[in-house]
Structures are given as structure tokens and as C-alpha cells.
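The values are calculated or read from the model by the stated rules, or taken from the named source; none is laboratory data. Worth saying up front: this structure is predicted, and the values here are computed from it rather than measured. Backbone-built Cβ (ideal geometry, glycine too); neighbour counts: all protein chains shown. Side chains are part of the model used for accessible areas, which takes the heavy atoms of the whole protein and leaves out ligands, DNA and RNA. Shrake-Rupley method; radii C 1.70, N 1.55, O 1.52, S 1.80 Å.
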Amino acid sequence: MEGRLRIKKRKKKTKKNFRLIVLILAVLMVAEIFHLISVNDHLNIEDLNIAFYIEAADDASQNRIQINWQYLAAIDCVRYNHDFSKADYQSVIALANLFVVEKPSSDKNTPPEYRLRSLPAVMGKLAFTTEQKAKVYHYLQDLEYVGLVNNKACFLEKESAKLEFIDSLTGEAMSGYYQYGIFPSITIAQAILESGWGTSVLSVQGHNLFGIKADSSWEGKYLTMKTMEYYNSQTCANFRKYQNVSECMQDHGEFLNSNQRYRQNGVFDAAYYVEQAQALENAGYGTKTDENGNKIYADLLIEIIKQYNLQLIDYKVQS
């Protein structure tokens with residue numbers, strides 16, 4: 001009887017050791033794949049039309065939910081083996097649609113709800129192998145600090161003062177989205193544009209990053225400053241003064257939420273950053289114009305968002 005028990009124990013131990021060996025080999029194999037990829041294979045940014053992928057992601061996001069353009073580019077690099085000429089608009093839109101899950105409403109008058117499918121889930125639908133999945137993640141590292149300026153790829157400087165400024169606002173901007181529905185990309189882009197990356201006199205002396213004026217409803221402190229209301233036209237106005245940036249960020253959401261003109265112009269109905277930027281301009285948040293009198297506030301926000309990939313923060317909060 002004792003002999004049988006010892007045999008059973010040895011069998012269990014052998015089986016356990018076998019599973020452990022298989023697990024170790026699998027881990028080593030995946031590690032070797034990542035090592036080979038990292039050493040020998042990188043995404044050539046010059047061959048990649050970043051504007052094309054950002055535009056496709058935005059087009060697929062309209063009236064739905066924000067899609068991550070970097071995921072589309074990294075996947076295409078794998079499935080077309082770096083030959084991006086094989087990627088046409090329809091194929092990229094079809095890929096983008098794989099990231100969107102639609103939940104129809106039982107009420108015909110209520111629009112459907114949308115949620116995002118994860119990157120691993122999409123790669124599973126594409127039947128990617130372990131090696132292909134590893135390559136996608138590797139190419140995403142290549143794209144981490146790549147943005148868009150004048151429809152061309154630009155490289156963002158790691159650990160720069162500008163990226164640190166963005167990081168310092170991201171947490172509060174995400175909270176503003178959860179509480180008020182203002183996209184983090186919009187909040188951060190407005191802070192950058194209105195405060196000159198936090199260097200303006202108003203932002204330094206009053207912690208006012210958004211140029212919010214002290215109207216009759218404001219009961220706090222204020223600063224009187226010169227401001228450019230229209231193209232090359234200067235005037236003086238009173239602006240809200242805050243104790244710190246956190247108070248300013250909180251008031252930004254409350255300010256938009258409490259003013260009916262922003263709701264009436266669709267700011268809170270926007271599905272992605274382009275729509276919300278245009279709604280803010282339509283509501284009169286920014287009065288900036290070019291030399292021909294054309295309103296450019298929305299364009300300025302969108303340009304900043306694309307350059308610094310702020311829309312990817314929107315993707316994060318909606319995932």
C-alpha cells in the first residue's frame with residue numbers, strides 16, 4: 001500500500017515538473033521572439049503615412065467612439081510586412097471597425113451604445129500568431145513618440161518640458177471627462193493653446209490655464225489682463241484667478257457644463273475630439289481668426305492634439 005502511494009506521489013511530481021518545464025520553455029520561446037524582433041526589426045517611420053492612419057481612425061470614430069490610430073498602423077505593418085502601399089482606405093476602415101462593438105438600443109429614438117474591443121481581442125480575430133502579436137507590440141514602441149505636424153511625421157522629444165506639462169494635466173483631464181464629458185485631449189489642448197504651455201502671465205500669476213474670464217457669475221479673485229480677441233486686435237478683460245492648477249482644471253469642466261451655449265452647440269454630444277473642438281468654436285469659446293477673418297480655434301486645437309497624440313488619452317478613458 002505504501003509503495004503504491006509513493007508511486008502515485010512520484011507520478012504527480014513528474015507531471016507537475018513536466019508542466020513547469022513546458023511553461024518555462026514557452027516563456028523562453030516568447031522571450032526569444034521578442035529579443036529577435038527588437039534586434040532585427042523596426043518600423044520605418046518614413047515609409048508610414050501617419051496622416052493617413054490618423055485620418056482613417058478619426059473617420060471611423062465619427063458619431064461613435066475614439067479609435068487608436070497607432071494600433072491600426074502597427075497591425076498593418078505586420079499583415080503587409082512593412083509594405084504600406086498594400087493598405088488602402090477601405091481595408092484600414094474595415095480594420096478600425098473591428099475595434100468597435102455596437103450595442104443597439106431597444107428604443108428606436110435612442111442611438112446605439114459603443115464600446116472598444118481590446119487590441120488582443122482584435123489580433124485574435126485576425127488569427128495572429130504569437131510572433132505576429134509580439135511584432136505589433138514592438139512596433140507600438142516605435143510609434144510611442146511619433147506625432148503629426150503639417151501632415152508629416154514628427155518625433156517628440158522624450159522627457160521634454162512639453163511632455164511633462166501634458167503628463168501633469170492628464171490625470172485631472174481624465175477626471176474631467178468622467179465627470180463632465182469633456183475629452184482629455186480637448187482639455188489639455190486648450191490648456192496648451194490658452195496658456196502657452198503654462199508660461200503665460202495669466203497662468204503663472206493666476207493659475208488660469210484656459211483663459212476663463214471673470215464674468216458676473218464669478219465670486220472669486222480675478223486679474224485684469226490684455227487679451228487678443230480677434231486677429232491682431234487687443235483689449236483688456238478680467239480673468240478668473242485660482243489658488244492652484246487643480247482648482248483651475250475643476251472649474252474648466254464646471255464652466256463648460258454650467259453654460260447653456262456649450263450644451264446647445266453640441267459640446268457634450270460630441271463622439272470624438274474633432275467634433276468637440278468644432279462645437280467649442282461654434283459656441284464662441286475661442287474667437288481667434290486668421291487674417292481673412294476665418295475662425296481657426298477648432299483647427300488650432302486639432303493641430304495640437306494630432307501633434308502630441310492627445311486623442312490616444314481619449315481612447316484610454318473610453319476603453
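Overview of values
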| read-out | value |
| --- | --- |
| Folded to 0 to 90 degrees: helix 245-258 orientation relative to the chain principal axis, Cα | 70 degrees |
| Neighbour net charge for LYS86 - beta-carbon separation under 14 angstrom, K R +1, D E -1 | -3 |
| Highest average packing first - 195-207, 244-256, Cβ atoms within 10 Å | 244-256, 195-207 |
| Accessible surface, per residue, of the range 37-180 when the full set of protein chains is kept, probe 1.4 Å, Å² | 54 Å² |
| Sorted peptide list for 131-139, 114-122, criterion being average Cβ within 10 angstrom, highest first | 131-139, 114-122 |
| Loop-resident sites, the range 263-319, for GluC sites (Glu not before Pro), counting at most 12 other Cβ within 10 Å (DSSP) | GLU291 |
| Loop GluC sites (Glu not before Pro), the range 45-130 (other Cβ atoms within 10 Å of the site Cβ: 14 or fewer; DSSP) | none |
| Label point distance in nm, SER168-ASN294, each placed 7 Å from Cα along Cα→Cβ | 3.5 nm |
| Cα-based radius of gyration of the range 170-209 once divided by 2.2 N^0.38 Å, which approximates compact folds | 1.19 |
| Largest to smallest accessible area among ARG240, ARG261 [probe 1.4 Å] | ARG261, ARG240 |
| Among (1) 25.2; (2) 24.2; (3) 16.0, the entry derived from the coordinates for mean projected area of the Cα convex hull in nm² | (1) |
| Of LYS152/LYS316; LYS213/LYS295; LYS295/LYS316, pairs whose Cα-Cα distance is over 27 Å | LYS295/LYS316 |
